[in-house]
Amino acid sequence: MKSGKLTETIRIERATGALNEYGTPETAWTHLATIRAERIDATTEEFMRGFGASDEQAVVFRVRFIEGVSNADRVIWQGEAFNIQQVTPIGRRKGLDLRCVRVAA
């Protein structure tokens, strides 16, 4: 993985749950890492759903290896939140491919 190809800056966040004063669970996102990434692929598709048409934007990022990244985390890229759908390791702790999806109504 060449550092010259890591042209994007992404932030990885992890969901943490807590109860508010009324006993209702709330989800808060905590910062896990800010790293450089290579954008491998980006696509946008439109779907008809029960609530109407929605756009789904998929992006694949290649990053250096980070321990503990999972599908429960999310990526913030260019101010937009993307859910991580798939984490694919590259080699032996060399890197990760993160397939991320953002659904817009």
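The values are calculated or read from the model by the stated rules, or taken from the named source; none is laboratory data. Only a predicted model underlies this, so the values are computations on that prediction, with no experimental measurement involved. All Cβ positions, even for glycine, are placed from backbone atoms using ideal geometry, and neighbour counts span all protein chains on display.
When the residues of region 85-97 are filtered to those that are without any contact (Cβ under 8 Å) to a residue 40 or more places away in the chain and in a strand (DSSP E or B), which remaining residue is surrounded by the most Cβ atoms within 10 Å (Cβ to Cβ)?
Applying the first criterion (without any contact (Cβ under 8 Å) to a residue 40 or more places away in the chain) to region 85-97 yields 85-89, 91-93, 96.
Next, only the ones that are in a strand (DSSP E or B) stay: 85-89, 96.
Details: 85: 12, 86: 11, 87: 14, 88: 11, 89: 12, 96: 19.
Only one residue fits best here, namely 96.
Determine whether residue 36 is at pLDDT 95 or above and touching a helix residue (DSSP H, G or I) at 6+ places or on another chain (Cβ under 9 Å).
Working: at pLDDT 95 or above: yes; touching a helix residue (DSSP H, G or I) at 6+ places or on another chain (Cβ under 9 Å): yes.
Criteria met by residue 36.
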